[in-house]
Amino acid sequence: LYQKQKALVALGVMDFDSYGEMDNNKEVTRSEFIGDISRFLNINPTAIADKTYFNDVSVKSWYTYTLNTLVDMGIISKADNFYPDRVITTNEAIKIMTCLLGYGTFAQLNGGYPGGYIDAARRSGLLKDLQTDGNLTNKAMSVLLYNTLDAGVLEIVGFDGIPTGTNTGETLLSV
C-alpha cells in the first residue's frame, strides 16, 4: 500500500501529512474525492466556476469547477444536491472511476448501479486489492486511484441484449 501511495504522491494526486504518512482509516468526503480527481486528471483546482449544477454547492466552493467539469464530461450526473460533506461510499467512488474510464454505458447496460459498475470495474482491474463495501477511506482511495492508472482496457466482445466484455491485457498506460 505504501508503495502505491508513494507513486500517487509523486504524481501529485495525493499528499502525505507533514510526517510523511497518511491516515489510511480516515473516511473521504465527496468533495475531497472530487479534489483528488482534479489532481488525477490535472484539472486546475483553483479555476473559478461561473455556475453550479447543485443546490448545495456554492459557485465559490474550491471544488466546483472540477465538479462541473465532471458533470459536463458525463462522469457525474446532475441532481438537485451533491452532498459535498457526506462521506463517499466505495461503490460511489467505483462508479465515478468506471465512468471516468469510459465504461459507464457498459455498466449501465449490465445492470446499472451498483452491480453493473462493480462488474465493469472488476473486469478492468479497478478492484484489485479493494474492498467494495462501506465508506471510502484513504486506504481504499489509494488502491482505487492506483488501480485506475493501470486499468485494463475493456473490449466489448458480444451483445445479446446484455453486453459482454473482456480485459484485453492492455492498460490505459500502454495504449
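The values are calculated or read from the model by the stated rules, or taken from the named source; none is laboratory data. Predicted model only: the values in this text are computed from it and were never measured. Here the Cβ is made from the backbone with ideal geometry for all residues, glycine too, and neighbour counts use every protein chain on show. What goes into the accessible areas is simple: the full protein's heavy atoms, side chains included, and nothing from ligands, DNA or RNA. Shrake-Rupley method; radii C 1.70, N 1.55, O 1.52, S 1.80 Å.
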Test: residue in the stretch 135-156 that is surrounded by fewer than 19 Cβ atoms within 10 Å (Cβ to Cβ), farther than 27 Å from Thr52 by Cβ and touching a Phe, Trp or Tyr at 6+ places or on another chain (Cβ under 9 Å)
yes
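Which of the following residues is surrounded by 22 or more Cβ atoms within 10 Å (Cβ to Cβ), without any contact (Cβ under 8 Å) to a residue 24 or more places away in the chain, over 19 Å from Gly35 (Cβ atoms) and not hydroxyl-bearing (Ser, Thr, Tyr): Gly102, Gly116, Gly112?
Values: Gly102 fails: surrounded by 22 or more Cβ atoms within 10 Å (Cβ to Cβ); Gly112 fails: surrounded by 22 or more Cβ atoms within 10 Å (Cβ to Cβ).
Result: Gly116 is the single residue among Gly102, Gly116, Gly112 that is surrounded by 22 or more Cβ atoms within 10 Å (Cβ to Cβ), without any contact (Cβ under 8 Å) to a residue 24 or more places away in the chain, over 19 Å from Gly35 (Cβ atoms) and not hydroxyl-bearing (Ser, Thr, Tyr).
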Tell me which of these Arg86 doesn't satisfy, since it passes every other one: (1) more than 30 Å from Tyr2 (Cα to Cα); (2) at pLDDT 95 or above; (3) surrounded by fewer than 16 Cβ atoms within 10 Å (Cβ to Cβ).
(1)
Quick one: Asp72 ticks every box in (1) closer than 25 Å to Gly112 by Cα; (2) touching a Leu at 6+ places or on another chain (Cβ under 8 Å); (3) not hydroxyl-bearing (Ser, Thr, Tyr) bar one, so which box is it?
(2)
Failed criterion for Ala93 (all others in (1) open to solvent by 50 Å² or more (accessible area, probe 1.4 Å); (2) closer than 23 Å to Ser142 by Cβ hold):
(1)
Pick from Val57, Val28: which is at pLDDT 95 or above and touching a strand residue (DSSP E or B) at 6+ places or on another chain (Cβ under 8 Å)?
Val28
So, restricting to helices (runs of 4 or more DSSP H) that lie completely within the stretch 75-134, which ones have at least 1 residues that are within 18 Å of Tyr63 (Cβ to Cβ)?
90-100
Quick check: anything in the stretch 26-38 assigned to a loop (DSSP other than H, G, I, E, B) and open to solvent by 30 Å² or more (accessible area, probe 1.4 Å)?
yes
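Answer with yes or no whether Tyr65 is open to solvent by 50 Å² or more (accessible area, probe 1.4 Å) and not in a loop (DSSP other than H, G, I, E, B). Give the derivation first.
Details: open to solvent by 50 Å² or more (accessible area, probe 1.4 Å): yes; not in a loop (DSSP other than H, G, I, E, B): yes.
Yes.
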